[in-house]
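The values are calculated or read from the model by the stated rules, or taken from the named source; none is laboratory data. Being a predicted model, the structure only gives us computed values, none of them experimental. Backbone-built Cβ (ideal geometry, glycine too); neighbour counts: all protein chains shown.
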Amino acid sequence: GYQVMQEERTNNVTLIREQIAKLLHVPFSYTALFNVSPERLLQENETAFFSITPPSSLTSLYVAKNVSVIFVYTKYGPNFQFPNGTYPSGKVAEELQNILSNVQVTHYLTGSAPLVQELSSSESQREAITFVLVFVALLVITGAYFRSPVAPLITLTLVGLSAVFGMAVVTLVGLFYQKVDFQVIEPLISVLLGIGTDYSVFLLSRFREELGKGASKEEAAKTSLKYSGKAILISGVAVTFVFLSLSFIPFMQSWGLTIGFSVPITVALAYTLLPLVYGRLGEKMFWPSRPKSGESRTLRKLASASLSRPKTVLVIALIAGLASAAFVLTTPLSFDFTSGLPNIPAVVGLKVLENAFGNSFVNPVLVVFNSSNVNTSLLLKIASLERNISSMPGVTQVIGPVPSNFNGTYTPEVMTQLKENVGTNNRTLLMTVVMS
């Protein structure tokens, strides 16, 4: 994680460093940049806090006016999990936040671990908001369609059960297959409520139509299942396979499995439980309105207009389709993963870093070389590659295991840079590309 200090430079920063050093119970190191160079920090006897020092050529880039940064490094990644289910990086982020709660200067705790921690802790609130908004929107729409408060309330209550079963599917997938992305919950709720309501409207519309023709509630229920039921079964199978196909995409696998296995449950609830309810209630399902025989005047007029002017309708559809396609093809895609995140402190901290040091601070380009034989010939090739990358547009600096002008002579500067960019296994070499 990163702790960003902004605008004030006081003794509080030193105290925070000392508190962090005492706090962490896992191997760690950190460096602090307070508008001074790493060499200056080392001269001030800060080496007691260093166990793994980031390359000085890299950290020296991150000096900006009125912004100070404390880096905290742990040996565990943000998603590493112990057998007992605890996340060490998340625990560190939580304890750091407790320390920083008493800090008076403007600060942000950010980075992979704090970002995941804050997003996951606020997920339950976002889930509740999503459920309420979707529920109310569907309630209003279906209520207006059936001109009754009873039908949408009963329908959405039963469909809401599908969201509960969907949560169970999420748990099962997480327990027996793989970890589930917490961001899948909100689209899961929206998809299940949406298709559940859609299928229920199919059944209820046919049920109301049969009641309007004079059929008994039992006969009307059977007819609705016989005809509309087939449609929702076919549609449900298609939707299920569409979402399950996402499971073949690595970063969408948990989305495909959880939603794909939840859709059949929604179809089953609409096909079995809902007909039992409206088969018992009959016309009361649509109170205070009463089912009427005959077609909808509005729908009949729309159908007549389309059939009487097929060429006009086709031209309008083509124009609308081409306009939509042009909009989609010309709209630039954004690869800024922070732009769609909620305005939580960890996200604000990332934006402060980007504004101070550029986007490459958060997402640098890393080139990793792994060789069992690190020798001068290999290092000369890497130096040549560094020069080629440096000449590319948008590249500010390239930091590699050797300087880009390396000619085979091992000067003290070359040895220092090589030591900073070679892994502990003496086989892995790192090149960092800083973009503008």
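If only one of Ser245, Ser224, Ser235 is over 29 Å from Val184 (Cβ atoms), in the same structural domain as Phe182 (by TED's automatic domain parsing), free of Cβ contacts under 8 Å to residues at least 60 places away in the same chain and among the polar types (S, T, N, Q), which one is it? Within the list Ser245, Ser224, Ser235, the selection yields Ser224. Report the residue count in the range 395-430 for those that are under 14 Å from Val367 (Cα atoms), among the hydrophobic types (A, V, I, L, M, F, W, C) and either in contact with a Leu (Cβ under 7 Å, 6 or more places away or on another chain) or surrounded by fewer than 15 Cβ atoms within 10 Å (Cβ to Cβ) (or both). Qualifying residue count, the range 395-430: 4. In the range 326-346, the residue that is modelled with the highest pLDDT out of those that are among the aliphatic types (A, V, I, L, M) and in a helix (DSSP H, G or I) is Ala326. Every listed requirement among (1) modelled with pLDDT under 80; (2) loosely packed, with under 15 Cβ neighbours inside 10 Å is met by Met392 save one, (1).
Residue check: Leu192 meets all listed conditions (1) surrounded by fewer than 18 Cβ atoms within 10 Å (Cβ to Cβ); (2) closer than 30 Å to Ser289 by Cα; (3) touching a residue at least 60 places away in the same chain (Cβ under 8 Å) but one, namely (1). If the condition is being without any contact (Cβ under 8 Å) to a residue 12 or more places away in the chain and of a type outside the set (Gly, Ala, Ser), then the range 104-139 contributes Gln125, Ile129, Val132, Leu133, Val136.
Restricting to the range 213-232, name every residue that is small (Gly, Ala, Ser) and surrounded by 16 or more Cβ atoms within 10 Å (Cβ to Cβ). Walk me through how you get there before you give the answer.
Within the range 213-232, the subset small (Gly, Ala, Ser) is 214-216, 220-221, 224, 228-229, 231.
Matches in the range 213-232: Ala215, Ala220, Ala221, Ser224, Ser228, Gly229.
Can you name the number of the only condition in (1) crowded, with 16+ Cβ neighbours inside 10 Å; (2) over 26 Å from Phe243 (Cβ atoms) that Ser121 fails? Of everything listed in (1) crowded, with 16+ Cβ neighbours inside 10 Å; (2) over 26 Å from Phe243 (Cβ atoms), Ser121 misses just condition (1).
On the basis of being at pLDDT 85 or above and in contact with an Asp or Glu (Cβ under 8 Å, 6 or more places away or on another chain), does Gly279 make the cut?
Numbers: at pLDDT 85 or above: yes; in contact with an Asp or Glu (Cβ under 8 Å, 6 or more places away or on another chain): yes.
Yes.
For (1) over 23 Å from Ile185 (Cβ atoms); (2) assigned to a helix (DSSP H, G or I); (3) touching a strand residue (DSSP E or B) at 6+ places or on another chain (Cβ under 7 Å); (4) modelled with pLDDT of 80 or more, each residue gets a yes or a no:
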| position | (1), (2), (3), (4) |
| --- | --- |
| Asn98 | yes, yes, no, no |
| Gln117 | no, yes, no, no |
| Ser124 | no, yes, no, no |
| Leu133 | no, yes, no, yes |
| Gly143 | yes, yes, no, yes |
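Look through the range 145-180, keep the residues that are surrounded by 15 or more Cβ atoms within 10 Å (Cβ to Cβ) and not in a helix (DSSP H, G or I), and return whichever of them is modelled with the highest pLDDT. Taking the candidates together, the pick is Ser148. Within the range 390-436, the residues that satisfy the criterion of being β-branched (Val, Ile, Thr), over 16 Å from Phe369 (Cβ atoms) and not in a strand (DSSP E or B) are Thr409, Thr411, Val414, Thr416.
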